[in-house]
Amino acid sequence: MTEPVPVNRADFLAVLESVAPGLSRRESVEQSSCLAFRGQEVLTYNDEVACRAPHGIGHDLQFAVKADPVMKLLAKLDEDRVTLQQVENTLVVGGKRKQTKIALEAAVTLAVDSVERPEPDAWKALHPDFSDAIGVVMESAGKDETKFALTCVRLAKKWMETSDAVQCTRYRLRTGVDEPVLVRRDSLKHVLPLDMTEMALTDEWVHFRNPSGLVVSCRKYPDTFPVDLTPLLEMEGEAATLPKDLERTVERADIFSSLTADQNRVTVTLKPGKMKIVGSGDAGEHTEWPKVKYNGPEITFLIAPKLLIALTKRHTECVVSDTRLKVDGGRWVFITSLGAKPKPVEQVSQDSPEDD
């Protein structure tokens, strides 16, 4: 690419953004903060996620460049079309009455070749609800790296599931794996917005592909999930109906719960005819008392705000025991307060003025 090559700025930026899941600002591996252009592809790799996509420039390329300045520049340029040119160890980006020179890496050393590429016949159609399932289960995964398995999504043959030892979610669908494996939640979440339609498995990776040719590969781990969720999902209790309009309530509580150093959780208390939602953090606390159809024992549990909103949008009927709450949405089941003793109500927040 010794001569300037015109490209559509927005389209080229979209390609670069699609491989961003494989980037790492911390240089976890060599050139993990770089876009590696090789042949007709642009590649990224950070040891947990690898991405490759056709770059669409129309030339065979061989260079690596820091992703941050290239993507920020393309996002801030006004031109519909820009030119790209490699001049020795510099990438020159040209616009109308402007030019930017960005230093290139001395060589492409990205270890992306350690990621196995699936055989052409290994690709299988992805279940149409796969991305929806990820969106449902991911909020129940843990963030404590000392309990690695709980930071993962467990893919079994007929379902995917997560648990942080306080809450769990299982979504029933055929995942495409024959033997259970673990994939980090923070890796698998990148599949959500990319319209993936195919999946393939190799020895160490789960690969996803969309119609544009983008491939996102997530490292997989042996199944060491410490919790058998099946017995827990069979719990029984008192029926309750959660309010349908909880979203704004939870969003207000999230203002404060999201500022906590640990996992973002709001505290929910159910008692006959009443519900209490508390979001607390270093900056303060917000409490609301929505009405609820419930006549069972008093229970207090913690739940991620995004998950509570997602659950009530999908299904408002639930079952409550003295220690757990269960929401059964048909294809998926969520339970909270698994094996964990809820905080006494009086330690969470004061009662509403109208409470006895």
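For segment 171-219, would you read off the P(r) tail past 14 Å as a percentage of all alpha carbon pairs?
Distances greater than 14 Å cover 51 percent of the Cα pairs.
Lys/Arg Cβ at +1, Asp/Glu Cβ at -1, dipole of segment 212-340 taken about the Cα centre: which of Leu232, Leu325, Ala310 is farthest positive-ward?
Ala310
Could you give the angle, 0 to 90 degrees to the nearest 10, between helix 67-76's Cα long axis and the longest principal axis of the Cα atoms of the chain?
Around 90 degrees separate the two axes.
Could you tell me the convex hull volume per residue, in Å³, taken over the Cα atoms of segment 69-205?
186 Å³
For all pairs of alpha-carbon atoms in segment 199-250, what percent lies in each bin of width 10 Å, listed from the first bin to the last filled one?
With a bin width of 10 Å, the distribution comes to 17, 20, 21, 31, 12.
Give a residue-ordered list of calculated ³J(HN,Hα) values for segment 109-115 (Karplus: 6.51 cos²θ - 1.76 cosθ + 1.60, θ = phi - 60°; whole Hz; x for Gly, Pro).
10, 4, 7, 5, 5, 6, 8
Just to be sure I understand, if you calculate Kirkwood radius over Cα pairs in Å for this structure, which of [x] 23.3; [y] 20.9; [z] 22.7 do you get?
[z]
Taking θ = phi - 60°, what integer Hz values does the Karplus form 6.51 cos²θ - 1.76 cosθ + 1.60 yield along segment 274-283, in sequence order, with x for Gly and Pro?
9, 9, 10, 10, 10, x, 10, x, 4, 8
Using the crude model of +1 on Lys and Arg Cβ and -1 on Asp and Glu Cβ, and no other charge, please compute the dipole size for segment 140-195 relative to its Cα centre, in debye to 20.
Here segment 140-195 has a charge dipole of around 200 debye.
May I ask for the angle, rounded to the nearest 10°, between helix 246-257 and the longest principal axis of the chain, with both axes built from Cα atoms and the value confined to 0 to 90°?
The helix 246-257 is inclined about 70 degrees to the chain.
Given a 1.4 Å probe, how much area per residue of the chain is accessible, in Å²?
49 Å²
Run the simple label-point estimate for Lys293 and Asp80 please: 7 Å along Cα→C-beta, distance reported in nm.
It is 5.5 nm.
Among the listed pairs Lys147/Lys291; Lys124/Lys189; Lys157/Lys244, give every one whose C-alpha distance is greater than 28 Å.
Beyond 28 Å between Cα atoms: Lys147/Lys291; Lys157/Lys244.
If you take the charge dipole of segment 29-130 about its Cα centre, with +1 on Lys and Arg Cβ and -1 on Asp and Glu Cβ, which of Phe63, Ala111, Gln31 is farthest toward its positive end?
Phe63
Using only alpha carbon positions, build the gyration tensor of segment 135-287, then give the equivalent ellipsoid semi-axes as the square roots of 5 times its eigenvalues, largest first, whole angstrom.
32, 19, 16
I need to check one value: relative contact order of the chain, counting alpha carbon pairs closer than 8 Å and at least 6 residues apart, in percent.
With pairs under 8 Å counted, the relative contact order is 13 percent.
Based on the Cβ-Cβ distance of Ala111 and Arg172, what FRET efficiency does E = 1/(1 + (r/R0)^6) give at R0 = 25 Å, to the nearest 0.05?
0.10
The values are calculated or read from the model by the stated rules, or taken from the named source; none is laboratory data. These numbers were taken from a predicted model, which means no experiment stands behind them. A quick note on method: Cβ atoms are made from the backbone with ideal geometry, for glycine too, and the neighbour counts reach across all protein chains shown. Surface accessibility is based on the protein's heavy atoms, side chains included, excluding ligands, DNA and RNA. Shrake-Rupley method; radii C 1.70, N 1.55, O 1.52, S 1.80 Å.
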